[in-house]
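Chemist: Quick one: structure below, then a few questions.
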Amino acid sequence: MGDPKLLIVDDNQDFCENLADIFHGEGYVIEIALSGSEALYKARQTTFDVSLIDVKLPDISGLELLHNLKGMQEDLVSILMTGHEELLSKETVSRGEAYAYYMKPFEMKELIMTVQEAAEFHRLRVSERRAREDLAALVDILEVGLANLPIHELLNELIKRMVRGTRAHAGAILLLEKDTLRIAASYGVEEALKESLSSRVRTDFVREVLPENKPLFITEVEDVEGVKSILEVPLRVDEKITGVAYIDTFEPQGFKLEEIQRLQIMVQRAALTIERTRLIEQLTQSRNLIKTLISAQRDPLDNIAAYLKTLEDHLAGSLHKDQKPLLSAARFQCHTILTLTNNTIDLNQYEEGDFCLKLEPVNIETLIHRALSQIKYLQEQKKIHIQVALSESLPHPEADRERIVRVLVNLLTNA
């Protein structure tokens, strides 16, 4: 993480410089501010670990400065100093707004020890916050609802969450298709810049990302308006690179190590989610195609079955004895294929929640004879005789006529 950064704020320049020399020798990076406004200016330029603030400043009070700095840098740990006993400063410490409170003059060894403790407290606080952010970013990417989005919506949502999760300016997901990268989704990228972005990332991908198989971090960006830092992370599934996640920022050296690591985790999970969604969409398209083809063949099969029955009924007496089995076999095979087709359609409808029975009063004897007529060829081939014995007063229950016949045919065929 580097040497801790210490901001010393006091209107006494000699006092500040003396403290700066001491803490510089302790390994701190030091900045001095002689007023509250100067301290706020330096806090806009640099992120500090610890601040030493005198309560009495020429422009604003040290307590007001403490609150302002806290609003700018939430992890900053502040220690108050004063030459006068002040109840308000003690209360500020007791409420946890300041880490400690020192009366001037103070024991330097004790102050050094307290600043060291404050720097360690800052490190732990930052680590805890980043762990929470990493977890939140990961949970955000792994949200169950994302996997149910269409692929285009999923990609747009993922890159938006990556950009926000790393506090970047803009980003894009480029997928590898037919050996070339194309922008599949973007967030914060102007339309006019998309082509140049694609070209840049393609070049980086071929030269560095693909051969190295690791993130590419560029801190000296040229020819991109306003952009100072770029981070490109490969999308990887089972060691196969499927694309690149690109983000940029207007800040030089704009990505810290933990942000790069966070993006890598997000990209890894995103790659799996993208691949899963693509496979589901491909499977859905294949199933829809099969369903369309199966549905399209049902009507012709119905017609063929009807033609074959007509031939069998009207030409039975004129057919040669060798021709009758062929006609019966053709009719049986047609009904077999038609049954498989109807069963497949029923299964698709059931899975999609569209399955519906056409209930109506049916004559049981009629249904049985229809089923027997469809397996007539099988009876002849296996020399099976089926005897039907029915009660004369059978009821007419409500049932789906076509599906009951299919059930009977299946039972008889597999008996």
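The values are calculated or read from the model by the stated rules, or taken from the named source; none is laboratory data. This is a predicted model, so every value here is computed, not measured. Virtual Cβ from ideal backbone geometry, glycine too; neighbours counted across all protein chains shown.
Chemist: Pick from segment 18-42 the residues that are part of a helix (DSSP H, G or I) and in contact with a strand residue (DSSP E or B) (Cβ under 6 Å, 6 or more places away or on another chain): which of them is surrounded by the most Cβ atoms within 10 Å (Cβ to Cβ)?
Modeler: This residue is ALA39.
Chemist: I've got another one for you. Confirm whether GLU220 is touching a strand residue (DSSP E or B) at 6+ places or on another chain (Cβ under 7 Å) and surrounded by fewer than 19 Cβ atoms within 10 Å (Cβ to Cβ).
Modeler: no
Chemist: Only residues in segment 387-399 that are over 24 Å from LEU359 (Cβ atoms) count as the first member; pair them with residues that are surrounded by 10 or more Cβ atoms within 10 Å (Cβ to Cβ), Cβ under 7 angstrom, at least 6 apart or cross-chain, and list the lot.
Modeler: VAL388/ILE368
Chemist: Among (1) assigned to a loop (DSSP other than H, G, I, E, B); (2) farther than 20 Å from GLU259 by Cα, there is one condition ARG182 misses while meeting the rest; what is its number?
Modeler: ARG182 satisfies all of (1) assigned to a loop (DSSP other than H, G, I, E, B); (2) farther than 20 Å from GLU259 by Cα except (1).
Chemist: Just to be sure before I move on: is GLN264 more than 15 Å from ILE159 (Cα to Cα) and part of a helix (DSSP H, G or I) in the structure I sent?
Modeler: Criteria not met by GLN264.
Chemist: Which residues, counting only those in segment 220-254, are modelled with pLDDT under 75, within 22 Å of SER127 (Cβ to Cβ) and hydrophobic (A, V, I, L, M, F, W, C)?
Modeler: Correct list: empty.
Chemist: Looking at THR166, THR180 in this structure, which one is surrounded by 21 or more Cβ atoms within 10 Å (Cβ to Cβ), in the same structural domain as GLU251 (by TED's automatic domain parsing) and of a type in the set (S, T, N, Q)? Outline the logic, then answer.
Modeler: Values: THR180 fails: surrounded by 21 or more Cβ atoms within 10 Å (Cβ to Cβ).
Going through THR166, THR180 in turn, just one is surrounded by 21 or more Cβ atoms within 10 Å (Cβ to Cβ), in the same structural domain as GLU251 (by TED's automatic domain parsing) and of a type in the set (S, T, N, Q): THR166.
Chemist: Something else: Could you list all residues from segment 363-399 that are outside any helix (DSSP H, G or I) and within 23 Å of THR336 (Cβ to Cβ)?
Modeler: If the condition is that a residue be outside any helix (DSSP H, G or I) and within 23 Å of THR336 (Cβ to Cβ), then ILE375, LYS383, ILE384, HIS385, ILE386, VAL388, ALA399 are the ones that fit.
Chemist: Which one is farthest from LYS160 (Cα to Cα) among residues in segment 223-241 that are more than 25 Å from the chain's Cα centre (by Cα) and surrounded by fewer than 19 Cβ atoms within 10 Å (Cβ to Cβ)?
Modeler: The qualifying residue farthest from LYS160 (Cα to Cα) is ASP223.
Chemist: Something else now. Looking at segment 351-375 only, could you name the residues that are in contact with a helix residue (DSSP H, G or I) (Cβ under 6 Å, 6 or more places away or on another chain) and of a type outside the set (Val, Ile, Thr)?
Modeler: Across segment 351-375, the qualifying residues are PHE355, LEU367, ARG370, ALA371, GLN374.
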